[in-house]
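So the structure is just underneath, and the comments pick up after that.
The values are calculated or read from the model by the stated rules, or taken from the named source; none is laboratory data. Computed from a predicted model, the values in this text were never measured in an experiment. All Cβ positions, even for glycine, are placed from backbone atoms using ideal geometry, and neighbour counts span all protein chains on display.
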Amino acid sequence: MTRHKSHSRLLLFLVCVLLMVPALHAAPGPVTIYYRRVFKGSTPEFIEIKITEPGKATFEIRQLEEDPDAEPFEVGAPVRQKILELAAGLNNFDIASLDIHKKIANLGEKTFRYEHDGEVHQTTFNYTLSAPANQLMQIFEGLARQQSDLTLLVRNVKYDRLGVNDALMQFESDMDHRLLPEPERFLSVLDQIAGDSHFVDIARTRARAIAENIRNSRGH
């Protein structure tokens, strides 16, 4: 009888161990880095970008009174890697406040947030002197501006052909000021404009020149 009980206990122990093995060897979940900027009275008032490895991203750019409407978009591996490196350099936001805590103008509430397998850290600031934090903020703000420019251009291509040249000028200005992390995201729509005789010549010529500039820059 005792031997039977011992065998049953051993069997129960082995079953428990086998049930635990998948959990012990489960692959770690993805890392997600968030950036949110809330600045009432500006345009836009709300920006939120989420980058998740490997490769998923969403953006939300709107006024505060508008309904939330996050949309997926693409962010290339080099930019994602740079975001992760900068976040790691800031201890994944498990740090003391980045804000300078001095009385200055309201520049909008910025928040960085890190999530990974239940681990969550975030930090919020108005203005910071941290070089890595400012670099990370510029990347996220650049992605937001890039997506706004691309959304405007695509919408004008579909619904406002006469407005295409203005949208191209806005994009070209932002690109010339090096505000956009991945201008190559525009190549498909630029080629579409350049090859479509339904658009005015000035827009087609501008689109062709911008696309050539982007391709030449990628080659260096």
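Things worth noting here:
- Any chance Glu109 is without any contact (Cβ under 8 Å) to a residue 12 or more places away in the chain and out of contact with any Asp or Glu (no Cβ under 8 Å at 6 or more places or on another chain): no
Results for (1) surrounded by 19 or more Cβ atoms within 10 Å (Cβ to Cβ); (2) over 19 Å from the mean Cα position of the chain (by Cα); (3) of a type in the set (A, V, I, L, M); (4) at pLDDT below 95, shown as yes or no for each residue.
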| site | (1), (2), (3), (4) |
| --- | --- |
| Lys82 | no, no, no, no |
| Lys110 | yes, no, no, no |
| Phe125 | yes, no, no, no |
| Thr151 | no, no, no, no |
| Arg155 | no, yes, no, no |
| Lys158 | no, yes, no, no |
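- Screening Leu180 against (1) under 22 Å from the mean Cα position of the chain (by Cα); (2) among the hydrophobic types (A, V, I, L, M, F, W, C); (3) part of a helix (DSSP H, G or I) leaves a single unmet condition, (3).
Here is a yes/no grid of residues against (1) assigned to a helix (DSSP H, G or I); (2) touching a strand residue (DSSP E or B) at 6+ places or on another chain (Cβ under 7 Å); (3) under 18 Å from Thr32 (Cβ atoms):
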residue	(1), (2), (3)
Glu66	no, no, no
Ala105	no, no, no
Phe112	no, yes, yes
Asn134	yes, yes, no
Ser148	yes, yes, no
Val154	yes, no, no
Lys158	yes, no, no
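- Given (1) crowded, with 17+ Cβ neighbours inside 10 Å; (2) farther than 30 Å from Leu187 by Cβ; (3) over 19 Å from the mean Cα position of the chain (by Cα), number of the condition Lys40 does not satisfy: (1)
- Selection within region 51-64: residues that are out of contact with any strand residue (DSSP E or B) (no Cβ under 6 Å at 6 or more places or on another chain) and either over 18 Å from His116 (Cβ atoms) or not basic (Lys, Arg) (or both). The member of this set that is surrounded by the most Cβ atoms within 10 Å (Cβ to Cβ) is Glu53.
- Residue in region 185-195 that is within 30 Å of Pro28 (Cβ to Cβ) and surrounded by 15 or more Cβ atoms within 10 Å (Cβ to Cβ) present: yes
- Residue list for region 129-177, restricted to those being out of contact with any helix residue (DSSP H, G or I) (no Cβ under 7 Å at 6 or more places or on another chain) and of a type in the set (Val, Ile, Thr): Thr151
- Arg178 being without any contact (Cβ under 8 Å) to a residue 24 or more places away in the chain, buried (at least 19 other Cβ atoms within 10 Å of the Cβ) and over 23 Å from Gly89 (Cα atoms): no
- Positions within region 160-169 being surrounded by fewer than 15 Cβ atoms within 10 Å (Cβ to Cβ) and within 18 Å of Arg145 (Cα to Cα), in sequence order: Asp166, Met169
- Tally of residues being of a type in the set (Ser, Thr, Tyr) and in a loop (DSSP other than H, G, I, E, B) across region 42-64: 2
- Residue in region 199-209 that is without any contact (Cβ under 8 Å) to a residue 24 or more places away in the chain, acidic (Asp, Glu) and assigned to a helix (DSSP H, G or I) present: yes
- For beta carbons closer than 8 Å, sequence separation of 6+ or different chains, a first residue in region 61-85 that is on the phi > 0 side of the Ramachandran plot and a second that is part of a helix (DSSP H, G or I) and modelled with pLDDT of 95 or more, there are no qualifying pairs.
- Annotation note: of Gln138, Gln147, the sole residue that is under 30 Å from Leu187 (Cα atoms), surrounded by fewer than 16 Cβ atoms within 10 Å (Cβ to Cβ) and either touching a Phe, Trp or Tyr at 6+ places or on another chain (Cβ under 8 Å) or modelled with pLDDT of 95 or more (or both) is Gln138.
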